[in-house]
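One structure is given here, and the rest of the page talks about it.
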Amino acid sequence: MLIAIPELDEEQVESTLARFRTVVQRTGGEAGEWNIWGRRKLAYEIDNRTDGFYAVMEFTAGERTLNELKRMLRVSDDVLRHMVVKLPPDYAQSGQRSAEMAETAEVPE
Amino acid sequence: MGKRRAPSKSSSRRERPVKSKPDIFNQEGITYIDYKDYNMLRRFISDRGKIRARRVTGLTPQHQREVAVAVKRAREMALLPYVAGK
């Protein structure tokens, strides 16, 4: 999951997300599609910003992918915050919930 | 009926009846407590944003731990507040 800065327009977001997806693929990982939650309010301010652009992607990764991806995420100015989480092996069965959540994510507060 | 009183007059404080709440994760068959499901996690934090105690949530030790981790992850990604001001 990553939070991109809200200043980007749609095209810039697309290209940023695509860039990380290719990083995974280029370094030998399998990348799923981005699940785009869209712009939402942050629970607290980060760098004086009150909202961010959320996107989630599932992927498989070896050590090489992980190191490179994390480095890119850290360096990128477009990414406000990111998190890589190891999913349990039986995640696929309970994974359909994230699709529902994406739809409710854009409710403004 | 209703209130259970302590047998001896002296120790009424200790003998609160313990009602066990059903563990909702066992009930709904959820195997992975997802940090992304912040609306579900809302149930386990107070209105100040603190994680509710096990005796309040009625979760099993394992689920309580998993909820705690999930809440902390959600906080890091600004899905839940660290402190909810009021």
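Classify the range A:36-92 as rounded, prolate or oblate, taking a ≥ b ≥ c as the square roots of the eigenvalues of its Cα gyration tensor: rounded when a/c is under 1.5, otherwise prolate if a/b is larger than b/c and oblate if not. Oblate, since a/c reaches 1.5 and b/c is not below a/b. Solvent-accessible area of the range A:1-82 (1.4 angstrom probe, protein heavy atoms only): carbon and sulfur portion equals 43 percent. Backbone geometry of the range A:59-76 corresponds, through the Karplus equation with coefficients 6.51, -1.76 and 1.60 at θ = phi - 60°, to 3J(HN,Hα) couplings of 7, 9, 8, x, 4, 5, 4, 4, 4, 5, 4, 5, 4, 4, 5, 5, 6, 5 Hz, x marking Gly and Pro. How many angstrom separate the Cα center of the range A:52-84 from the Cα center of the range B:54-86? The range A:52-84 and the range B:54-86 have Cα centres separated by 24 Å. Checking the cross-link pairs A:70/B:50; B:50/B:72; A:86/B:50; A:86/B:72 against a 21 Å limit on the alpha carbon distance flags A:70/B:50; A:86/B:50 as lying beyond it. The contact between chain B and chain A removes approximately 1900 Å² from the accessible area (both sides summed; 1.4 Å probe; ligands, DNA and RNA excluded). For the range B:72-86, a decrease in accessible area of 10 Å² or greater in the assembled protein chains relative to the isolated chain, with a 1.4 Å probe, applies to B:73, B:76, B:77, B:78, B:79, B:81, B:82. Sorting B:63, A:82 on solvent-accessible area from highest to lowest, probe radius 1.4 Å, gives A:82, B:63.
The values are calculated or read from the model by the stated rules, or taken from the named source; none is laboratory data. Quantities reported herein were computed from a predicted structural model and do not represent experimental measurements. Accessible surface is based on the protein model in full, side chains and every heavy atom, while ligands, DNA and RNA are left aside. Shrake-Rupley method; radii C 1.70, N 1.55, O 1.52, S 1.80 Å.
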